[in-house]
Amino acid sequence: MFARRFKNRLIFQQKAGLRRNPPEIDKRDGKYLFINSKKVLNFASNDYLGLGVSEELKEKVADNFLKYGASSSSSRLVSGNYSIINRAEKKYASFFGYDDALFFPSGYQANLGIISTFFEKEDIIIFDKHIHASSIKGINLSGANFCGYNHNSMPHLKKRLEANKQKQVAVLTESLFSMDGDFLDVHSFGKLKKEYGFLSIVDEAHAFGAIGENGCGIARGAADIALGTFGKAFGLFGSFVLMPKGFKEYLFNFSSPLIYSTTLPEAHAASAIDLLEIISRSKEKRKHLRKVSRIMKESLKRKGFRVTGDAHVLALEIGKEARAAEVSQSLLKKNIFVPPVRYPTVPIGRAILRISMTALHTEKDVMSFIDLLPAP
Ligand SMILES: Cc1ncc(COP(=O)(O)O)c(C=O)c1O
C-alpha cells in the first residue's frame with residue numbers, strides 16, 4: 001500500500017518536472033566537483049568564503065577532533081553540557097553583540113527548536129512569505145496563529161501589524177534571503193519594530209560570516225533573536241542562535257529538539273572558537289566575494305536575463321520547471337554545475353537557477369559561465 005502510494009507520487013513528480021534526483025558527487029576540490037569522473041565548476045555551494053575547503057580550517061578541525069574525540073555522546077541536558085561549548089557560546093554572543101548564544105546541530109533544527117518553543121496558541125506570528133522551510137515547520141509545530149506578508153514588503157507587514165495590534169506578535173524574516181538573494185530592508189523593518197514593539201527573529205544564515213563588518217551580518221539593530229549556521233560561510237556544520245537574556249534557559253527547559261538530541265561535540269565548539277578569529281580576518285575574501293558577485297549579476301543582465309540578488313546569492317529567473325532542468329543539464333554538459341530550484345522551494349511556474357558565488361570564484365570563472373549559458 002505505502003509502496004504503491006510512494007511510487008505514484010514519484011511518477012507524478014516526474015511528469016511535473018519536479019522529481020529530485022541529485023547527481024552523485026565523487027569528490028570536491030576547491031571550487032570544483034567531480035561528477036562521473038568529470039571536473040565541473042561549482043556554482044551551487046554555500047561555502048561563501050571558501051573556508052570549507054581551506055587547509056587551515058581542515059587542520060584545525062582535525063586537531064580538535066583528535067584532542068576531544070568524535071562525539072559528545074549525550075544530550076546537552078544530560079552529560080553533554082561541556083565547558084568549552086559554554087565558552088564558545090559566550091564568545092559568539094559577544095562577537096555578534098547579543099546577550100546569549102546557543103548551538104544546535106543544524107540551522108533547520110535551530111529554527112524548529114526555537115520557533116516551536118517560544119510561541120503558542122494565543123500568539124501571532126507574522127512572517128515573510130519567502131522564509132526558509134525550517135521556520136515554516138517551526139511555526140506549524142508551535143500551534144500559534146500566523147499570517148504571511150508579501151516578500152520584503154514593509155507596507156504589507158505594517159498592514160498585518162495594524163490588524164494584530166492588540167495581540168502578542170512575533171515577526172520572522174531573513175536578512176539575506178536564501179532563494180531571492182535580496183536583503184531585508186533593515187531600516188524600515190527596525191522602524192516598524194519601534195512603532196509596534198514586536199519580537200523579531202531574523203535568520204542571518206546566508207549573511208553571517210559573509211556580509212557586514214567582521215562578517216556580523218546586517219540585522220543586529222533590528223533583531224531580538226538571530227540565527228546563524230556554521231554550514232555556509234563558516235565552512236563547518238551546526239548552527240547558533242543569538243538571543244536576549246533569559247531565553248536560553250527557557251529553551252533548555254522546554255525545547256524538545258534541543259533536549260532530546262545529542263549535542264554537538266566539544267571538538268565542534270573548539271573549531272567554532274577558531275572560526276571566530278578566521279572570520280574576523282576574512283575581510284579580503286568578503287571584498288572579493290562582493291566583487292565577483294557584482295560582476296556576475298551585471299553580466300547576466302547584459303546577456304538579457306532577469307536576475308535578482310543583492311549579494312552572493314543570485315536567482316536567475318527561468319519560469320517553467322522543465323526549462324530550468326534543461327538549462328541546468330546543458331550547463332552540466334559544458335562542465336558547469338548549477339542545479340535548478342523548483343517548487344516547492346520556490347512557487348510553481350517560477351523555477352530559477354540559484355547561482356551561489358564564493359570567494360573561490362574568479363572573474364574568468366564568471367566569464368566562462370556567461371559564455372556557456374544558453375541565451376534567454
Ligand atoms: C535561511 C536558512 N535558514 C536555515 C537553514 C538551515 O541551515 P542548516 O543547513 O544548518 O540546517 C538554511 C539552509 O539551507 C537556510 O537557507
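What follows is calculated from the coordinates using simple rules that are stated; it is not laboratory data. It should be emphasised that the depicted structure is a prediction, and the values quoted were computed from it without experimental measurement. Cβ placement follows ideal geometry from the backbone for every residue including glycine, while neighbour counts extend to all protein chains displayed.
Laid out as a table, the results:
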| quantity | calculated |
| --- | --- |
| Share antiparallel - DSSP beta bridges, the chain, percent rounded to 5 | 60 percent |
| Pairwise FRET efficiency - residue 290 versus residue 34, Cβ, R0 = 22 Å, nearest 0.05 | 0.15 |
| Longest to shortest principal axis, alpha-carbon extents of segment 56-280, angstrom | 55, 35, 27 |
| Reachable lysines from residue 38, criterion Cα separation under 29 angstrom, eight or more residues apart if same chain | 15, 27, 58, 232, 285, 291, 297, 303, 320, 333, 334, 364 |
| Value in Å of the Kirkwood radius, where segment 221-305 supplies the Cα pairs that are averaged | 16.2 Å |
| Cut-off under 5 Å, modelled amide H: who pairs with residue 25 long-range | none |
| 25 Å Cα-Cα threshold exceeded, pairs from 129/191; 158/287; 194/283 | 158/287; 194/283 |
| In order through segment 130-147: 3J(HN,Hα) via Karplus (6.51 cos²θ - 1.76 cosθ + 1.60), integer Hz, x for Gly, Pro | 9, 6, 5, 3, 5, 6, 4, 4, x, 4, 4, 6, 5, x, 6, 6, 8, 8 |
| Antiparallel bridge percentage (DSSP; both residues within segment 56-280; nearest 5) | 40 percent |
| Per-pair calculated FRET efficiency, R0 = 25 Å: residue 345 and residue 298 via Cβ, rounded to 0.05 | 0.45 |
| Alpha-carbon Debye profile of the chain, log10 I(q)/I(0) at 0.07, 0.12, 0.13, 0.15 Å⁻¹ | -0.33, -0.99, -1.16, -1.45 |
| Computed helical MRE - 222 nm, the chain, DSSP H runs ≥ 4 contributing -39500 (n - 2.57), nearest 500 | -13000 deg cm²/dmol |
| Estimated dipole of segment 56-280 in Debye, rounded to 20 [Cβ of Lys and Arg +1, of Asp and Glu -1, Cα centre] | 440 debye |
| Under-5 Å amide H pairs with residue 149, H placed in peptide plane, nonlocal only | 127, 128, 129 |
| Dipole moment magnitude, nearest 20 debye, the chain about Cα centre, only Lys, Arg, Asp, Glu C-beta charged | 1320 debye |
| Inter-label distance for residue 329 and residue 140, nm, one decimal - labels placed 7 Å from Cα along Cα-to-Cβ | 3.1 nm |
| Gyration tensor (alpha-carbon) shape descriptor, segment 253-374, a/c threshold 1.5 | oblate |
| Separation between Cα centres of segment 287-310 and segment 1-41, rounded to whole Å | 28 Å |
